[in-house]
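The values are calculated or read from the model by the stated rules, or taken from the named source; none is laboratory data. Treat the numbers as computed from the prediction; the structure is a model and nothing was measured. No Cβ is skipped: glycine too gets one built from the backbone with ideal geometry, and neighbour counts run over all protein chains shown. To get the accessible areas, we keep the full protein, side chains included, count just its heavy atoms, and leave off ligands, DNA and RNA. Shrake-Rupley method; radii C 1.70, N 1.55, O 1.52, S 1.80 Å.
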Amino acid sequence: MRPTFVLRGVRVLDPLSGRDDERRDVWFEDGRLLAIDARIDKGGVAVIDLDASGGRHGAVLSPGFIDLHAHLREPGDPDAETVSSGARAAAAGGFTQVVAMANTDPPIDAPERVAEACAHAGGAAVRVLQVAALSRGLSGSELTDIRGCIAAGAVAISDDGRNAATPRLLVDALRTAGASARAVLVHPEDEEAIAQINNAHGSVVRCAQRPPGTESRAVDLAIRALAHAGAGRLHLQHLSTAESVETLRRARDGGLAVTAEVTPHHLGMWQPVAQPPEPAALLKVNPPLRTEHDRNAMVHALREGVIDAVATDHAPHRRVEKGADYDSAAPGMIGLETALAACITIGGMGGNWLPALVERLTAGPYRALGAGSGVFEPRLHTGEPATCVVFDPDAEWVVGAEPSASRSSNTPLLGERLRGKVLLTLVDGRIAYHDASRLQLAAETAAHA
Ligand SMILES: [Zn+2]
């Protein structure tokens, strides 16, 4: 459906345009954003007044969010998530573009698989941007056909979930991807050190002991590889330690092309938590939740922009994968539908930090991927089909009270009351998500038709 209506009294936040205007009226016609003005009166067009009902700060209109980091589990585990269900969860969270990781089963590690994945995602509720693996089978031993994967549609290169590639392989990947204007996304955890600490012989993905040094060392190695490559762009995924932030800061001060993301859970949760969820493995995530000192460092780095983007690391798992004891449970939690609210409520990004948060959900991730990578510019263009989100930063809701779009429910936030609710998500002028209980869109537009 391509709706026609006037939104009354919203705050318009458009970071790339430098725009932060209170109390604007916004006119949509057949899904096109026609005008933003102090007052718009169009006879016969339904008016949705968010000024009166929006609470203290009022509702916000911004370009659609971009999630740099999601696991959509297809192919391989459609009971946990599919591209379709993951895309609907993204839309419910205000995301209009979502970057799908390559560690599916089989992994997306060849041009044919990239092409298949892109074709499969074509009908999804939001734009799904596909990552290609850096190494065959994510094993770290042999580079994929990076040029071929990019030609087939890959938006970036990453072995996320694993970090087995040697620095030399990473240098090659950075140069090759960089020549095609693509970033390499690195999951910075030192697999060798984790194997030793846990006395593990096979995969280290489920190992529970992952002290801060295993991340800091991997961050340092990746940044050295970038310096050595002398080309390309590096993006560090889900940073979690204060030391990582300092290493990142030095690299950026030194002029290196490195960006970074933080997850809502590393912004909002730390160990030990007051009341662990049941089962406790709902808190198990790679990298793990750290100390309050680390968490504060993450919030500070995101506020000042040393960390460029909030990324969910949405990691759906079937119940049985999380019901096991902590040590053998799968790592990760879902996050697409709760990202905005978690950042506002427990992640230190509410109130006066809202414009910064919107920047880190739109322009920041856009910068990390880079113009020309295939990501769409997150900007409110008048006259064009709208790709945007309307949210109420003050509206409260309880996680899980209404059915979620995701096929999985592995989040420690289940049952929590959060602030910040997405009301409407438009993609190319079509309604991708609509909270009908808070925004009477269909009824009002129909009544005025
Ligand atoms: Zn990861």
_Qualifying residue in the range 376-389 (condition: part of a loop (DSSP other than H, G, I, E, B), under 16 Å from the mean Cα position of the chain (by Cα) and surrounded by fewer than 24 Cβ atoms within 10 Å (Cβ to Cβ))_ = yes
*asked:* Any residue in the range 159-170 that is part of a loop (DSSP other than H, G, I, E, B) and modelled with pLDDT of 95 or more sitting within a Cβ distance under 8 Å of a residue that is more than 16 Å from the ligand (Cβ to nearest atom) and open to solvent by 70 Å² or more (accessible area, probe 1.4 Å)? List the pairs, counting only those 6 or more apart or interchain.
replied: Ala164/Ser141
*Listed residues Gly153, Gly140; which is assigned to a loop (DSSP other than H, G, I, E, B), away from the ligand (no atom under 16 Å from the Cβ) and modelled with pLDDT of 95 or more?*
Gly153
*Could you give every pair whose Cβ atoms fall below 6 Å, whose first residue belongs to the range 176-199 and is closer than 22 Å to Arg233 by Cβ and assigned by TED's automatic domain parsing to the domain that holds Asp145, and whose second residue is within 15 Å of the ligand (Cβ to nearest atom) and open to solvent by 30 Å² or more (accessible area, probe 1.4 Å), counting only separations of at least 6 or pairs across chains?*
His187/Asn163; Glu189/Asn163
*asked:* Contact list please: Cβ distance under 7 Å, first residue in the range 90-101 and over 19 Å from Leu380 (Cα atoms), second residue away from the ligand (no atom under 16 Å from the Cβ) and charged (D, E, K, R), pairs at least six apart or on different chains.
replied: Ala92/Glu337
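Condition check: under 22 Å from Thr259 (Cβ atoms), open to solvent by less than 40 Å² (accessible area, probe 1.4 Å) and at pLDDT 95 or above. Does Leu340 satisfy that? Steps first, please.
Values: under 22 Å from Thr259 (Cβ atoms): yes; open to solvent by less than 40 Å² (accessible area, probe 1.4 Å): yes; at pLDDT 95 or above: yes.
Yes: the conditions hold for Leu340.
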*Output the number of the condition that Arg127 fails; it satisfies all remaining conditions of (1) open to solvent by 30 Å² or more (accessible area, probe 1.4 Å); (2) within 20 Å of the chain's Cα centre (by Cα); (3) farther than 26 Å from Glu359 by Cα; (4) not hydrophobic (A, V, I, L, M, F, W, C).*
(3)
*State which residue is farthest from the ligand (Cβ to nearest atom) when the search covers only the range 223-240 and only residues that are open to solvent by 30 Å² or more (accessible area, probe 1.4 Å) and in a loop (DSSP other than H, G, I, E, B).*
Gly230
*Select from the range 301-325 the residues that are in contact (Cβ under 8 Å) with a residue 60 or more places away in the chain, within 16 Å of the ligand (Cβ to nearest atom) and among the hydrophobic types (A, V, I, L, M, F, W, C) and list them in ascending order.*
Ile307, Ala309, Ala311, Ala315
*Where residues in the range 177-222 are buried (at least 23 other Cβ atoms within 10 Å of the Cβ) and away from the ligand (no atom under 16 Å from the Cβ), which of them is farthest from the chain's Cα centre (by Cα)?*
Ala177
_Where a residue in the range 32-44 is over 14 Å from Arg11 (Cα atoms) and its partner, wherever it lies, is open to solvent by less than 30 Å² (accessible area, probe 1.4 Å) and assigned to a loop (DSSP other than H, G, I, E, B), with Cβ under 8 Å and at least six apart_ = Arg32/Ala386; Arg32/Gly429; Leu33/Leu380; Leu33/Ala386
*How many of the residues in the range 84-104 are within 16 Å of the ligand (Cβ to nearest atom) and open to solvent by 10 Å² or more (accessible area, probe 1.4 Å)?*
2
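Would you check which residues across the range 105-124 are in a helix (DSSP H, G or I) and open to solvent by 50 Å² or more (accessible area, probe 1.4 Å) and list them?
Matches in the range 105-124: Glu112, Arg113, Glu116, Ala119, His120, Gly122, Gly123.
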*Restrict the check to the range 265-274 and report whether at least one residue is among the aliphatic types (A, V, I, L, M) and either closer than 18 Å to Pro167 by Cα or crowded, with 22+ Cβ neighbours inside 10 Å (or both).*
yes
*Hey, could you check the range 62-83 for residues that are assigned to a strand (DSSP E or B) and within 16 Å of the ligand (Cβ to nearest atom) and say which is nearest to Glu116 (Cα to Cα)?*
Ala70
*Does Leu174 qualify as being assigned to a strand (DSSP E or B), open to solvent by less than 30 Å² (accessible area, probe 1.4 Å) and within 28 Å of Arg127 (Cα to Cα)?*
no
*All but one of (1) within 23 Å of the chain's Cα centre (by Cα); (2) of a type in the set (Ser, Thr, Tyr); (3) away from the ligand (no atom under 16 Å from the Cβ) hold for Ser158; which doesn't?*
(3)
